[in-house]
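Asks: Below: one structure in structure tokens.
The values are calculated or read from the model by the stated rules, or taken from the named source; none is laboratory data. All values reported here derive from a predicted model rather than from experimental measurement. Backbone-built Cβ (ideal geometry, glycine too); neighbour counts: all protein chains shown. Keep in mind that these areas ignore ligands, DNA and RNA; they rest on the heavy atoms of the full protein, side chains included. Shrake-Rupley method; radii C 1.70, N 1.55, O 1.52, S 1.80 Å.
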Amino acid sequence: MYDCIIVGAGPAGGTAAYHLAKQGRSVLVLEKESLPRYKPCGGGVSPAIAQWFDFDFSPVISVKADSFRFTWKLGDPIEAKIPTKEPVWMVRRDIFDHFLVQQGQKQGAELRDNTEVTGIEFQSDYWQVNTANGPVTGRYLIAADGVKGPMAKWLGFKERKRSLAGALESEVTATVKDKSTMHIELGLVKNGYIWNFPKADGYSIGIGTFVGGERQDFKKILDEYARSFNLDIKTSKQYGYPISIWDGNQKLHTQNAVLVGEAACVVDPMTAEGIRPSIFSGLIAAGAINEALSGDANALEKYSEAMNEQWGTEMAWAKKLAGAFYRFSNIAYQVGVKHPSAPQVMGKIMCGELGYGDIAGRALKRLISGFGG
Ligand SMILES: Cc1cc2nc3c(=O)[nH]c(=O)nc-3n(C[C@H](O)[C@H](O)[C@H](O)COP(=O)(O)OP(=O)(O)OC[C@H]3O[C@@H](n4cnc5c(N)ncnc54)[C@H](O)[C@@H]3O)c2cc1C
């Protein structure tokens, strides 16, 4: 009987495993893929996550990017350096996620990859987790199985507040001349953006829409965008993948179990940043389960409250901002992105040096005045 079974070895599960094992709890991580596994992702990681760990991430940071280059329909460029203490980390997710789980293993967590969870049963005071390789048991359960995982449904979370976004990503191997600039294009796609993020040995190029709207031909648009960098994505694999965007506060706990990461719909509606909030939820969940194992009957409820207060409050602002920004992105580009302080503010938000609450009121006013209001 494990103290806790974690389903999913992404950033949320890896973080929870690390912190619970470090507290001396017995932890089993179940992952259906064989590690290291690929996850469609831009791989832009906020350096703010460093504050939640006592080890060094530099072995898995491919490059560090300290500049943005925004474009509108491939023109009207805005380039800016991000004035933060630490630049944004660019990672390859297979390497980054595996490293995180390995840190948990060093603390004593057990990993079984190639082990898909096929069902769960609550047995009066513990969970039986059925896997393709037989059942295992744990007193607590963490659902860290991402946007496509079945755990939330199995745990009885029927009506979930989330908006499902769509994205397409391609990892291109190439010689990268400028390894410090993140490219973001806002005019070629409606209700979202296209990115080109540098890595040591190539790029992550992708496209996503985050606030709904009509279907668009992602492949065609991404191909056109890639060609503007002299890259041919037709020769690289392209992966379509959903994103579980935050869409309101909700209960994230049930009997002896919690949801974390994209299973808990944590992704930022403005930037589609999911790694930092997934890690944050894994950290808070580990603390809560540690408290629950020590006898605090309200510990899991406190997890839901903490996520709603500490992440949900920020996301409520992000959602308001995203609603205005993406619906009227041509005006937003002119009065928002082109405002001299905008790239710096965006960078500081990504790096955790500013919160949406600090800027959203002002930014919304600027957008509204841009609409002639
Ligand atoms: C195209 C794209 C680009 C993105 N770019 C960025 C970015 O640049 N920066 C950023 O911060 N965020 C980005 N995101 C979001 C980010 O990738 C996710 O928010 C993040 O991976 C969520 O982490 P997680 O740990 O919750 O889940 P995941 O990383 O999805 O991990 C879940 C794990 O659970 C496993 N699993 C699922 N079902 C089972 C089962 N039944 N049994 C066992 N294991 C199971 C899966 O195999 C997987 O390994 C992007 C998303 C997409 C789609």
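Asks: So for the range 212-235 (the condition being among the small types (Gly, Ala, Ser), in contact (Cβ under 8 Å) with a residue 24 or more places away in the chain, out of contact with any Asp or Glu (no Cβ under 7 Å at 6 or more places or on another chain) and under 18 Å from Gly156 (Cα atoms)), does at least one residue qualify?
Replies: No, because not a single residue in the range 212-235 is among the small types (Gly, Ala, Ser), in contact (Cβ under 8 Å) with a residue 24 or more places away in the chain, out of contact with any Asp or Glu (no Cβ under 7 Å at 6 or more places or on another chain) and under 18 Å from Gly156 (Cα atoms).
Asks: Does the range 255-269 contain at least one residue that is more than 20 Å from Leu155 (Cβ to Cβ), among the hydrophobic types (A, V, I, L, M, F, W, C), touching a residue at least 24 places away in the same chain (Cβ under 8 Å) and touching a Phe, Trp or Tyr at 6+ places or on another chain (Cβ under 6 Å)?
Replies: Within the range 255-269 (the criterion being more than 20 Å from Leu155 (Cβ to Cβ), among the hydrophobic types (A, V, I, L, M, F, W, C), touching a residue at least 24 places away in the same chain (Cβ under 8 Å) and touching a Phe, Trp or Tyr at 6+ places or on another chain (Cβ under 6 Å)), the answer is no, since none of the residues qualifies.
Asks: Yes or no: Ala17 at negative phi, more than 10 Å from the ligand (Cβ to nearest atom) and buried (at least 22 other Cβ atoms within 10 Å of the Cβ)?
Replies: For Ala17, the condition - at negative phi, more than 10 Å from the ligand (Cβ to nearest atom) and buried (at least 22 other Cβ atoms within 10 Å of the Cβ) - is met.
Asks: Right, next: Hey, any hits in the range 66-78 for a residue that's within 14 Å of the ligand (Cβ to nearest atom), hydrophobic (A, V, I, L, M, F, W, C) and under 23 Å from Ala272 (Cα atoms)?
Replies: Checking the range 66-78: at least one residue is within 14 Å of the ligand (Cβ to nearest atom), hydrophobic (A, V, I, L, M, F, W, C) and under 23 Å from Ala272 (Cα atoms).
Asks: Something else: Within the bounds of the range 252-273, is there any residue that is over 21 Å from Pro150 (Cα atoms), away from the ligand (no atom under 16 Å from the Cβ) and not charged (D, E, K, R)?
Replies: No, because not a single residue in the range 252-273 is over 21 Å from Pro150 (Cα atoms), away from the ligand (no atom under 16 Å from the Cβ) and not charged (D, E, K, R).
Asks: Please state which one of Lys320, Lys302 is under 16 Å from Ala264 (Cβ atoms) and basic (Lys, Arg).
Replies: Lys302
Yes or no, residue by residue, for (1) part of a strand (DSSP E or B); (2) within 11 Å of the ligand (Cβ to nearest atom):
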{"residue": "Ala167", "(1), (2)": "yes, yes"}
{"residue": "Glu171", "(1), (2)": "yes, yes"}
{"residue": "Lys179", "(1), (2)": "no, no"}
{"residue": "His183", "(1), (2)": "yes, no"}
{"residue": "Val189", "(1), (2)": "no, no"}
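Asks: Please specify each residue of the range 20-60 satisfying the condition of being open to solvent by 30 Å² or more (accessible area, probe 1.4 Å), more than 9 Å from the ligand (Cβ to nearest atom) and assigned to a loop (DSSP other than H, G, I, E, B).
Replies: Those that are open to solvent by 30 Å² or more (accessible area, probe 1.4 Å), more than 9 Å from the ligand (Cβ to nearest atom) and assigned to a loop (DSSP other than H, G, I, E, B): Gln23, Gly24, Arg25, Ser26, Ser34, Pro36, Tyr38, Asp54, Phe55, Asp56.
Asks: Restricting to the range 99-135, name every residue that is in a strand (DSSP E or B) and away from the ligand (no atom under 12 Å from the Cβ).
Replies: Residues satisfying the conditions are Glu110, Glu121, Phe122, Gln123, Tyr126, Trp127, Gln128, Gly134, Pro135.
Residue by residue, here is whether (1) out of contact with any Cys (no Cβ under 8 Å at 6 or more places or on another chain); (2) basic (Lys, Arg); (3) closer than 18 Å to Val211 by Cβ holds:
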site: Val266; (1), (2), (3): yes, no, yes
site: Ala272; (1), (2), (3): yes, no, yes
site: Ile279; (1), (2), (3): yes, no, no
site: Ala297; (1), (2), (3): yes, no, no
site: Ala324; (1), (2), (3): yes, no, yes
site: His339; (1), (2), (3): yes, no, no
site: Lys348; (1), (2), (3): yes, yes, no
site: Tyr356; (1), (2), (3): yes, no, yes
site: Arg362; (1), (2), (3): yes, yes, no
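Asks: With the requirement that a residue be of a type in the set (Val, Ile, Thr) and either surrounded by fewer than 21 Cβ atoms within 10 Å (Cβ to Cβ) or at pLDDT below 95 (or both), what does the range 138-162 give you?
Replies: Listed by number, the list holds a single entry, Val147.
Asks: Where residues in the range 67-98 are open to solvent by 20 Å² or more (accessible area, probe 1.4 Å) and in a loop (DSSP other than H, G, I, E, B), which of them is modelled with the lowest pLDDT?
Replies: Ranking the candidates gives Pro83 first.
Asks: Right, something else. Would you pick out the residues in the range 314-357 that are among the β-branched types (Val, Ile, Thr) and either in contact (Cβ under 8 Å) with a residue 40 or more places away in the chain or outside any helix (DSSP H, G or I) (or both)?
Replies: Ile331, Val337, Ile349, listed by residue number.
Asks: Return the residues of the range 183-228 that are over 24 Å from the mean Cα position of the chain (by Cα) and open to solvent by less than 60 Å² (accessible area, probe 1.4 Å); say none if nothing qualifies.
Replies: Answer for the range 183-228, where residues must be over 24 Å from the mean Cα position of the chain (by Cα) and open to solvent by less than 60 Å² (accessible area, probe 1.4 Å): just Asp223.
Asks: Being charged (D, E, K, R) and closer than 24 Å to Ser244 by Cα narrows it down to one residue among Lys348, Lys365, Lys338; which is it?
Replies: Lys348
Asks: Which residues, counting only those in the range 284-310, are touching a residue at least 24 places away in the same chain (Cβ under 8 Å) and surrounded by fewer than 20 Cβ atoms within 10 Å (Cβ to Cβ)?
Replies: Result: Gly287, Leu293, Glu301, Asn308, Gln310.
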